[in-house]
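The next block holds one structure in the form of structure tokens; read it before the comments.
The values are calculated or read from the model by the stated rules, or taken from the named source; none is laboratory data. Keep in mind that this is a model prediction, so the values were computed, not measured. Positions of Cβ are backbone-derived with ideal geometry, glycine not excepted, and every protein chain shown enters the neighbour counts. The accessibility values were calculated without ligands, DNA or RNA, using every heavy atom of the protein model including side chains. Shrake-Rupley method; radii C 1.70, N 1.55, O 1.52, S 1.80 Å.
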Amino acid sequence: MTTTTYRQLIDAFRESKLVESIGSIASWDQHTYMPPKGAGHRAEQMGFLAKLGHEKLTSPRLGEWLTALETSPIDDETEAVNVREIRRVYDRAVKMPSKLVEEIAKTVSQAQNYWAEARKKNDFPAFAPWLDKIVALKREEASAVGFKESPYDALLDEYEPGATAAEITRVFADLRADLVKLVAEIAASGKKPSVDILNREYPVERQHIFGQSAAAAIGFDFQAGRLDTTVHPFCSGIGPGDCRLTTRYHPREFNQGLFGILHEAGHGIYEQGLDHAHYGTPAGSFASLGIHESQSRLWENQVGRSMPFWEHFFPRLQQTYAGTLDDVTLESFVFAVNNVEKSLIRVEADEATYNMHIILRFELEQALMTGDLKPADVPGAWNDKFKQMLDLTPPSDAQGCLQDIHWSMGGIGYFPTYTLGNLYAAQFMEQARRDLGNLDEDFRRGQFGRLKGWLNEKIHSPGQRHRAGELCKRVTGAPLTHQALIGYLRKKYTPLYGLA
Ligand code: ZN
């Protein structure tokens with residue numbers, strides 16, 4: 001009886017995931033190859049798939065099967081995990097009134113256009129009523145879904161199951177205190193790399209070839225994936241054997257192309273490393289957005305911006321762009337790709353100051369959700385905090401509170417997962433070095449297989465068997481703290497900036 005019920009539950013849930021993955025391929029196509037005139041028809045297709053997926057997920061039979069399974073003991077560990085996590089997703093889906101789901105979808109699809117327009121014209125007041133509406137809808141969502149401490153937790157839970165604002169606040173506060181010190185020491189060193197070498201001529205076709213070979217070298221399987229060009233880079237795990245990476249290139253901006261590819265390839269290696277035998281179930285799905293981001297940041301930063309990585313790749317880079325980097329030493333190149341400087345735009349920020357941009361957004365989002373901050377007052381609050389944390393005043397809202405698309409998409413609660421990713425990446429990498437010994441020697445020889453194998457075993461293949469915080473404890477023997485990240489940054493910047 002139980003076995004049949006379990007099979008029925010899994011088959012039904014898997015169908016909702018199949019519908020979702022058809023949506024993913026349609027969305028990938030929309031952002032890469034779809035001709036502009038196809039937009040109307042695509043929107044209709046996407047709307048239909050979203051409705052179909054939601055229907056499959058909220059079918060009352062799913063609830064009956066879950067209850068039946070929960071009332072009898074489950075011996076199999078994987079089955080227990082799948083029942084637990086499907087329950088979480090199912091509850092969230094059915095608690096959301098369909099009118100609210102529809103209202104949010106309609107609002108954010110319009111709000112994104114108003115946001116894009118407002119950013120272009122540096123006109124926050126034109127976006128303010130939309131932000132107002134989105135915050136109101138998100139507060140409604142939080143009370144529909146329910147929460148113990150803070151309404152923000154209900155939103156966070158969608159991206160980072162089990163995490164709470166209170167826990168994140170504690171880790172971020174420690175991180176902030178140490179980052180402020182580190183960044184001040186770097187500024188006081190008076191040393192600056194020659195970043196202009198990264199703005200020389202880097203022909204786009206060669207960036208593509210070099211980026212593709214670097215992604216393959218770190219372990220992204222191109223027999224099970226591909227790399228294409230888009231405006232806003234992303235990685236989409238379509239399903240077993242099919243993972244799509246996208247990136248963007250600028251002929252005079254080296255960092256954007258290569259580090260963008262390494263970042264998305266890190267996401268892709270996670271997707272390719274999931275347990276495909278359990279595709280379409282929680283056991284075969286990624287743990288959380290924070291853990292996903294840890295995998296992209298680990299390859300992009302911990303590996304891709306390290307000296308040993310470039311000891312292998314720099315001579316190849318010089319060859320690829322014959323003549324362009326002949327006068328540049330390995331040391332000055334590595335210094336340039338690790339430049340630390342307070343700046344206005346999050347996506348262009350370095351590894352250290354990046355986290356300040358996130359902490360600022362995390363604080364403002366919570367104030368918006370509690371009602372302490374009115375959406376109309378966001379620009380002033382943003383600029384005050386920015387001055388306080390990064391000692392800069394944005395010259396315009398376009399370069400301030402209007403720079404990110406997330407709020408217009410209703411993605412309140414998403415930002416902290418970026419810094420959680422940096423924190424998890426550092427703590428995982430520290431453990432990988434303890435377990436595997438001299439990884440730098442591997443990197444110098446262009447070998448990344450031992451690290452990838454370790455990640456496959458420890459982080460990727462467990463899927464959602466453990467929630468993010470629990471996974472961290474199991475893999476590293478300790479809960480998440482800021483120490484590994486600060487230790488890693490200090491170790492890297494000390495020789496570059498001649499810190500004490
Ligand atoms: Zn990412």
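Quick rundown of the values:
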read-out: Pair list, Cβ < 8 Å and 6+ apart or interchain, from segment 288-305 residues that are part of a helix (DSSP H, G or I) to residues that are within 11 Å of the ligand (Cβ to nearest atom) and among the basic types (Lys, Arg); value: none
read-out: Those residues of segment 428-446 which are part of a helix (DSSP H, G or I) and either out of contact with any helix residue (DSSP H, G or I) (no Cβ under 8 Å at 6 or more places or on another chain) or open to solvent by 10 Å² or more (accessible area, probe 1.4 Å) (or both), in sequence order; value: GLU430, GLN431, ARG433, ARG434, ASP435, LEU436, ASP440, GLU441, ASP442, ARG444
read-out: Looking only at segment 447-461, and only at residues there that are in contact (Cβ under 8 Å) with a residue 40 or more places away in the chain and open to solvent by 20 Å² or more (accessible area, probe 1.4 Å), the one that is farthest from THR164 (Cα to Cα); value: GLY449
read-out: Residue in segment 246-258 that is part of a loop (DSSP other than H, G, I, E, B), within 16 Å of the ligand (Cβ to nearest atom) and over 21 Å from GLU20 (Cα atoms) present; value: yes
read-out: Filter result for the condition that a residue is within 16 Å of the ligand (Cβ to nearest atom), in contact with a helix residue (DSSP H, G or I) (Cβ under 7 Å, 6 or more places away or on another chain) and assigned to a helix (DSSP H, G or I), over ASN456, ASN422; value: ASN422
read-out: Matching residues in segment 52-88 - criterion: being open to solvent by less than 90 Å² (accessible area, probe 1.4 Å) and in a loop (DSSP other than H, G, I, E, B); value: THR58, SER59, SER72, ILE74, ASP76
read-out: Residues of segment 130-143 that turn out to be more than 14 Å from ALA154 (Cα to Cα) and touching a residue at least 60 places away in the same chain (Cβ under 8 Å), as a count; value: 4
read-out: Residues (charged (D, E, K, R) and touching a residue at least 12 places away in the same chain (Cβ under 8 Å)) located in segment 380-399; value: LYS385, ASP391, ASP397
read-out: Breaking point among (1) surrounded by 20 or more Cβ atoms within 10 Å (Cβ to Cβ); (2) within 16 Å of the ligand (Cβ to nearest atom), for THR281; value: (2)
read-out: Hits in segment 223-245 - residues which are within 16 Å of the ligand (Cβ to nearest atom) and either in the same structural domain as MET34 (by TED's automatic domain parsing) or assigned to a strand (DSSP E or B) (or both); value: GLY225, LEU227, CYS235, SER236, GLY237, CYS243, ARG244, LEU245
read-out: Candidate set from segment 288-314 (those that are over 16 Å from GLN447 (Cβ atoms) and open to solvent by 30 Å² or more (accessible area, probe 1.4 Å)); member that is farthest from the ligand (Cβ to nearest atom); value: ARG305
read-out: Selected residue [away from the ligand (no atom under 16 Å from the Cβ), of a type in the set (S, T, N, Q), touching a Leu at 6+ places or on another chain (Cβ under 8 Å) and open to solvent by 20 Å² or more (accessible area, probe 1.4 Å)] from SER213, SER194, SER189; value: SER189
read-out: Any chance PHE335 is in contact with a Pro (Cβ under 8 Å, 6 or more places away or on another chain) and open to solvent by 10 Å² or more (accessible area, probe 1.4 Å); value: yes
read-out: Members of segment 34-69 that are under 26 Å from the mean Cα position of the chain (by Cα) and in contact (Cβ under 8 Å) with a residue 12 or more places away in the chain; value: ARG42, MET46, LEU49, ALA50, GLY53, HIS54, LEU57
read-out: Subset of segment 392-419 that is open to solvent by less than 10 Å² (accessible area, probe 1.4 Å) and among the aliphatic types (A, V, I, L, M) - its residue that is farthest from the ligand (Cβ to nearest atom); value: LEU402
read-out: Pair list, Cβ under 6 Å, 6 or more apart: segment 345-371 residue basic (Lys, Arg), other residue in a helix (DSSP H, G or I); value: ARG346/HIS357
read-out: Segment 462-500, subset of a type in the set (Val, Ile, Thr) and part of a helix (DSSP H, G or I), residue most open to solvent (accessible area, probe 1.4 Å); value: THR494
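Residues are listed down the side, and each one gets a yes or a no for (1) in the same structural domain as GLN464 (by TED's automatic domain parsing); (2) open to solvent by 30 Å² or more (accessible area, probe 1.4 Å):
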site: ARG139; (1), (2): no, yes
site: ASP153; (1), (2): no, no
site: LEU156; (1), (2): no, no
site: THR169; (1), (2): yes, yes
site: ASP174; (1), (2): yes, yes
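Condition check ((1) under 30 Å from ASP157 (Cβ atoms); (2) touching a Gly at 6+ places or on another chain (Cβ under 7 Å); (3) assigned to a loop (DSSP other than H, G, I, E, B)) across all residues:
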| residue | (1), (2), (3) |
| --- | --- |
| ARG316 | no, no, no |
| SER332 | no, no, no |
| ASN339 | no, no, yes |
| GLN366 | yes, no, no |
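A quick yes/no check of all residues on (1) buried (at least 19 other Cβ atoms within 10 Å of the Cβ); (2) under 30 Å from VAL334 (Cα atoms):
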residue	(1), (2)
LEU344	no, yes
GLU348	no, yes
ILE359	yes, yes
GLU363	no, no
LEU368	yes, no
ASP384	no, no
LEU390	yes, yes
